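Here the structure comes first, spelled out in structure tokens, and everything after it is commentary.
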């Protein structure tokens, strides 16, 4: 029991120390963003590809959010991937000449994105999920990040749209914390995931890398790592754009959240296996921080999720034996501290949402344990899927849509 306790405490100290370092780096990111100057001479064309499958309720919302952008030189390509609902019909009601609608037989999300890429020209490619939307200044701010010629790709700051109930606000808080950490990873230039909602790429790097692959469940993680594998992160950068806000629908049910996180977990493991040459790479184009620290730590973290019940057992057992609640108190304090620093440091949060998130911060540990339980289940299912030698590829995963919008 003593050896187990030492192991759990050691892992906890390493995890907390890492988070503290990354949060400090996130503050440095904020300073660099506040001092950044716009580049008025850099005005590339922006092509927004929206893959859609049975999205009649919200695809027009996504399209209009882009067309209402403050950035003038923007075009939208919607690829209808064999929808069986009224997706094509509702798109026909949008008459803006900047919109192109392409229809194809159902082939999966990655294939739909690639079809859209075939219709774009030079400049920047942005990929937006059909259940999502961007704010008015998102495209313009995204362009500013690419004024740095070293930037090849950038991830948007994704927030949960109109969260409903406890599960909705749990996801809202989780997204806030995760994206705060991504700011720190950007400072260290070891970001490796450009997520699918509002992600942007230079069109030349997309073509150079041979478009999106269709053999994994998470085409965005796969393609991000593909860029890093091809060109590295010494001369080039993939970054997190905190001031580029995109909204996406949260998962309204626990069952739906389990399905979503299985896709994320298994797809990440697929991408890790596919691009394993990035791990402990000795090639000069890859930084040691990325290849020898961040990626191995992240991969280990996926496995260590399975030790979470053991960790809780150690904490609860020690509390029961000693009568001291120091362990539980420290856990709650750490999660609360991370949540507070995240929310207070986020300049993109509306005051109303920030007030709610601050009120939830003292309960961050029990709230985020919901995500831990889901992740635990997703990893177990991923291991079982792997052992069955089943290799699901790119496909559509839908959650219940609401079609609600937010101002801005």
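Here, each number is a calculation from the coordinates, and none is a lab measurement. Predicted model only: the values in this text are computed from it and were never measured. Cβ: placed from backbone, ideal geometry, glycine included. Neighbour counts: every protein chain shown.
Going by what's in this entry, would residue 75 be described as without any contact (Cβ under 8 Å) to a residue 60 or more places away in the chain, closer than 22 Å to residue 244 by Cβ and surrounded by 19 or more Cβ atoms within 10 Å (Cβ to Cβ)?
Against the criterion (without any contact (Cβ under 8 Å) to a residue 60 or more places away in the chain, closer than 22 Å to residue 244 by Cβ and surrounded by 19 or more Cβ atoms within 10 Å (Cβ to Cβ)), residue 75 qualifies.
Counting residues that are under 29 Å from residue 43 (Cβ atoms) and without any contact (Cβ under 8 Å) to a residue 60 or more places away in the chain, which strands (runs of 3 or more DSSP E) fully inside region 125-223 reach at least 1?
Passing ranges: none, list empty.
With 182, 109 as the choices, which residue is over 30 Å from residue 366 (Cβ atoms) and in contact with a strand residue (DSSP E or B) (Cβ under 9 Å, 6 or more places away or on another chain)?
Numbers: 182 fails: over 30 Å from residue 366 (Cβ atoms).
So the residue among 182, 109 that is over 30 Å from residue 366 (Cβ atoms) and in contact with a strand residue (DSSP E or B) (Cβ under 9 Å, 6 or more places away or on another chain) is 109.
Which residue is nearest to residue 19 (Cα to Cα), if the candidates are limited to region 278-302 and must be touching a residue at least 24 places away in the same chain (Cβ under 8 Å) and in a loop (DSSP other than H, G, I, E, B)?
The residue in question is 287.
Answer yes if at least one residue in region 103-112 is over 26 Å from the mean Cα position of the chain (by Cα), over 10 Å from residue 47 (Cβ atoms) and crowded, with 19+ Cβ neighbours inside 10 Å, and no otherwise.
No, every residue in region 103-112 fails to be over 26 Å from the mean Cα position of the chain (by Cα), over 10 Å from residue 47 (Cβ atoms) and crowded, with 19+ Cβ neighbours inside 10 Å.
Out of the residues in region 209-229 that are out of contact with any helix residue (DSSP H, G or I) (no Cβ under 7 Å at 6 or more places or on another chain) and under 25 Å from residue 289 (Cβ atoms), state the one that is surrounded by the fewest Cβ atoms within 10 Å (Cβ to Cβ).
If we filter region 209-229 for residues that are out of contact with any helix residue (DSSP H, G or I) (no Cβ under 7 Å at 6 or more places or on another chain), which is where we start, we get 210, 215, 220, 223-224, 226.
With under 25 Å from residue 289 (Cβ atoms) added as a condition, the list becomes 220, 223-224, 226.
Values: 220: 24, 223: 28, 224: 24, 226: 21.
Out of the qualifying residues, it is 226.
Take the conditions touching a strand residue (DSSP E or B) at 6+ places or on another chain (Cβ under 6 Å) and free of Cβ contacts under 8 Å to residues at least 24 places away in the same chain and apply them to residue 99. Does it pass?
no
Taking into account only those residues within region 55-67 that are part of a loop (DSSP other than H, G, I, E, B) and in contact with a strand residue (DSSP E or B) (Cβ under 9 Å, 6 or more places away or on another chain), which is farthest from residue 113 (Cα to Cα)?
Going through region 55-67, the residues part of a loop (DSSP other than H, G, I, E, B) turn out to be 55-58.
After this cut, where a residue has to be in contact with a strand residue (DSSP E or B) (Cβ under 9 Å, 6 or more places away or on another chain) as well, the list is 55, 58.
Numbers: 55: 15, 58: 18 Å.
Of everything passing the filter in region 55-67, 58 is farthest from residue 113 (Cα to Cα).
Do you know which residues across region 233-262 are over 13 Å from the mean Cα position of the chain (by Cα), surrounded by fewer than 20 Cβ atoms within 10 Å (Cβ to Cβ) and in a helix (DSSP H, G or I)?
Passing the criteria: 254, 255, 256, 258, 259.
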